[in-house]
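Engineer: Take this structure, written in structure tokens, and hold onto it; I'll ask about it next.
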Amino acid sequence: MKGYIYKITDKTTNNFYIGSTGGKNGFKQRKAQHINDTKRVKKNQLNFRTYCDIIENNDYEYEIIHEVTFEDKEDLLNAECIQINHHKVEYGDLLVNKVLMKKRFDELNCNLGNIL
């Protein structure tokens, strides 16, 4: 199956969030879910998500930063983990993801210089 690692960037602050989605309509559906989740957080119907500040600012852009062919969800999450940790090293606190998947990253035994 085809999957995507995407980045949502706040065009005002340059803060960004990295996520993943799979499937034929996954990216389009995931964008709609982010907007819906942000509305639900505002109404106290859902716990805060780190991307909500970016969406709420209403000056953001989505971009696909990596395409992945994956067999199962674990492969997609591994690719997302690598991208999150790479961007954390590159951009520090501009990355708003709170979960860096450190344990998964360590288990992958990744050397960023050789992977990206």
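Every number here is computed from the coordinates shown, using simple stated rules; none is lab data. Please read all numbers here as calculations on a predicted model, not as lab measurements. Cβ: placed from backbone, ideal geometry, glycine included. Neighbour counts: every protein chain shown.
Engineer: How about region 1-47: which trypsin sites (Lys or Arg not before Pro) there lie in a loop by DSSP and see at most 15 other Cβ atoms within 10 Å?
Structural biologist: Answer in residue order: Lys11, Lys24, Lys43.
Engineer: Which of rounded, prolate, oblate describes region 1-58, given a ≥ b ≥ c as roots of the alpha-carbon gyration tensor eigenvalues and a/c under 1.5 marking rounded, otherwise prolate only if a/b is larger than b/c?
Structural biologist: oblate
Engineer: In Å, what Rg and Dmax follow from the Cα atoms of the chain?
Structural biologist: When restricted to the Cα atoms of the chain, Rg and Dmax are 14.2, 44 Å.
Engineer: Scan the chain and hand back the longest stretch that contains none of the chymotrypsin sites (Phe, Trp or Tyr not before Pro) lying in DSSP loops with at most 16 other Cβ atoms within 10 Å.
Structural biologist: 1-47
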